[in-house]
Amino acid sequence: MSEASVPIRAVLLDMDGVLYHGSQPLAGAAELLRRLDGVPHLFVTNNPIRTPQQVAERLAAMGLPRPDASAILTSALATAALLAQTRPGFRFFAIGADGLRAALSEVGLEDDRAADFVVVGEGPGIDFERLTTAINLILTQGARLVVTNPDVSVDDCHQGKHRVLPGGGALVAPIALACGVEPLVIGKPEPALYQMACARLGVPAADCVMIGDRPDTDIAGALRVGMR
């Protein structure tokens, strides 16, 4: 059966750069979401900063249709789920915004003295003391270094001005360099986020289409798992 003859049964949507930029919705975004009403779809994002509830509120504040929080899958949620599968009841030390800590705390216990995983996400929270704690947990306690997403930089719009922020790949780099280890990467283009999304929708990857704006993450990862 050719790819063209395989029906599209579900859709995955990246958000930043696809539905909005900064705090402004992109042209056609609202119409796209209205047309997807009744079509199984999930919002998937490498951004671990906000909780699903906060993401839904943000979309609504832009005038876009507000999705249910269960339709939003962040790299923080995917990270928490994967670590819980790997080591149930795990202990973690997190560097990043509250959305990451909230997701991890649902299935693990925060512990800066005996962590199984050092987890790095985007957003504020990295400083000399936390870097030192992370490095020593890895070197002296054998904690595994994990990063929610590999983006080196991310675009942002603040008070109407474009700016570039450090992504997960940049924030995890000093820890990886100091410890001489490679981090476990969860978000796009790695397969975990796509596989969890397909499982939640109940469709195989071949029956799903990914709509994204970054060839190196959204599109590369989708092709890797056999998704259009």
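The values are calculated or read from the model by the stated rules, or taken from the named source; none is laboratory data. What you see is a predicted model; the values in this text were computed from it and never measured. For neighbour counting, all protein chains shown are included, and Cβ atoms are generated from backbone atoms with ideal geometry for every residue, glycine included. All accessible areas refer to the heavy atoms of the entire protein, side chains included, with ligands and DNA or RNA removed. Shrake-Rupley method; radii C 1.70, N 1.55, O 1.52, S 1.80 Å.
Which one, Q141, F93, Q53, projects farthest toward the positive side of the charge dipole computed for region 1-144 from Cβ point charges (K/R +1, D/E -1)?
Q53
Shape verdict for region 87-127, please, from the Cα gyration tensor: rounded (a/c under 1.5), prolate (a/b greater than b/c) or oblate.
Numbers: a/c = 2.48, a/b = 1.47, b/c = 1.69.
Since a/c reaches 1.5 but b/c is at least a/b, the shape of region 87-127 is classed as oblate.
Divide, for region 43-132, the radius of gyration over alpha carbons by 2.2 N^0.38 Å, where N is the residue count. List each step's numbers first, then the result.
On the way: Rg = 13.9 Å, N = 90, 2.2 N^0.38 = 12.2 Å.
Against the compact-globule rule of thumb, the ratio is 1.14.
Can you sort V147, V225 by solvent-accessible area, 1.4 Å probe, largest first? Don't skip to the answer; put the middle values down first.
Details: V147 0, V225 40 Å².
Highest to lowest solvent-accessible surface, that is V225, V147.
For helix 168-179, what angle does its Cα long axis make with the longest principal axis of the chain, in degrees from 0 to 90 and rounded to 10?
In the chain, helix 168-179 runs at an angle near 20 degrees to the longest axis.
Protein chains only, probe 1.4 Å: how do H41, H162 rank by accessible area, largest first? Let's see the in-between values first.
Details: H41 45, H162 115 Å².
Largest accessible area first, the list is H162, H41.
Relative to the longest principal axis of the chain, what angle (0 to 90°, nearest 10) does the C-alpha long axis of helix 128-141 take?
Helix 128-141 and the main axis of the chain meet at about 80 degrees.
If you add up the charges near P189, with Lys and Arg at +1 and Asp and Glu at -1, over every other residue whose beta carbon is less than 14 angstrom from its beta carbon, what do you get? Walk me through the numbers on the way to the answer.
On the way: positive: K188, R214, R224; negative: D14, D151, E190, D213, D216, D218.
Net local charge, P189 excluded: -3.
Using only Cα atoms and rounding to the nearest 10 degrees, what angle (0 to 90) does helix 52-61 make with the longest principal axis of the chain?
On a 0 to 90 degree scale, this one is about 50.
May I ask you to derive the relative contact order of region 87-152, considering only C-alpha pairs under 8 Å and at least 6 residues apart, and to give it as an integer percent? Mind dumping the intermediate values first?
Details: 103 pairs, mean separation 23.3, N = 66.
In percent, rounded to a whole number, it is 35.
Pairs of alpha-carbon atoms within less than 8 angstrom and 6+ residues apart define the contacts here; what relative contact order does the chain have, in percent? Let's see the in-between values first.
Values: 443 pairs, mean separation 47.9, N = 228.
Reported relative contact order: 21 percent.
Run the Debye formula on the Cα coordinates of region 135-222, all scatterers equal and no solvent, and tell me log10 I(q)/I(0) at q = 0.22 1/Å.
-1.04
Using DSSP to call loops (not H, G, I, E or B), can you name the trypsin sites (Lys or Arg not before Pro) in region 73-179 whose Cβ has at most 15 other Cβ atoms within 10 angstrom?
Numbers: sites: R91, R101, R113, R130, R144, K161, R163; in loops: R113.
Listed in order of number, the matching sites are R113.
Got a sec? What order do I8, I175 fall in by accessible area at 1.4 Å, biggest, i.e. largest, first?
Values: I8 95, I175 0 Å².
Ranked list, largest accessible area first: I8, I175.
State the dimensionless ratio Rg/Rh of region 59-203 (Rg: radius of gyration of Cα atoms; Rh: Kirkwood radius). Mind showing how you got there, number by number?
Values: Rg = 15.8 Å, Rh = 16.0 Å.
Here the Rg-to-Rh quotient is 0.99.
Just to confirm, what accessible area per residue do you get for the chain at 1.4 Å probe, in whole Å²? It would help to have the intermediate numbers written out before the result.
Values: 10970 Å² over 228 residues.
Ligands and nucleic acids excluded, the figure is 48 Å² per residue.
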